[in-house]
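All remarks here apply to the structure that follows.
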Amino acid sequence: MTTVAVQEFDPPIDLTHCGKVVVTLTSNEVTPVMASMRLVAEGGIEELGADVLGMKQAPQEALEFSIPVTAKPLLVRAIRISFQRPYLNPDQNVHIAVEQFTLAPRGR
């Protein structure tokens, strides 16, 4: 089962000069969780990849997702994060809270 978090932007935000998105999460999960991030942009979907949380057994973690360099403006209407348990209990929802997004400029 997949748990999804969506942050919409109206008007869209320009992430052309952004190098990465750092997402801070709070969770009491005791097994690893796979997090995948997508940007819903005006030109289509940008896949930012996946990362695993829960390996440190800390209640709060930060995951970083790199934004690819684009030749044209990257106007984003939404950030979408999908969470899944890849190993144990994959048919159960993940209990997680997205605390904040931090947008970092390129080169930092």
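The values are calculated or read from the model by the stated rules, or taken from the named source; none is laboratory data. Please read these numbers as outputs of a predicted model, since none were measured by experiment. Don't worry about glycine lacking a Cβ; one is built from the backbone with ideal geometry, like all the others, and counts go over all protein chains shown.
Just one of the listed residues (P73, P86, P105) is more than 16 Å from A5 (Cα to Cα) and surrounded by fewer than 11 Cβ atoms within 10 Å (Cβ to Cβ), namely P105. Scanning segment 14-42 for residues that are closer than 13 Å to F101 by Cα and among the β-branched types (V, I, T) yields V21, V22, V23, T24, T26.
One residue stands out among those in segment 1-59 that are in a loop (DSSP other than H, G, I, E, B) and polar (S, T, N, Q): the one that is surrounded by the most Cβ atoms within 10 Å (Cβ to Cβ), which is T16.
For segment 9-30, a residue qualifies if it is closer than 17 Å to Q60 by Cβ and either over 14 Å from the mean Cα position of the chain (by Cα) or among the charged types (D, E, K, R) (or both), and the qualifying residues are S27, N28, E29, V30. All of Q92, Q84 fail the test of being among the polar types (S, T, N, Q) and either closer than 26 Å to P11 by Cα or at pLDDT below 80 (or both), apart from Q92. Put simply, of I96, I67, I45 the only residue that is touching a Cys at 6+ places or on another chain (Cβ under 8 Å) and of a type in the set (V, I, T) is I67.
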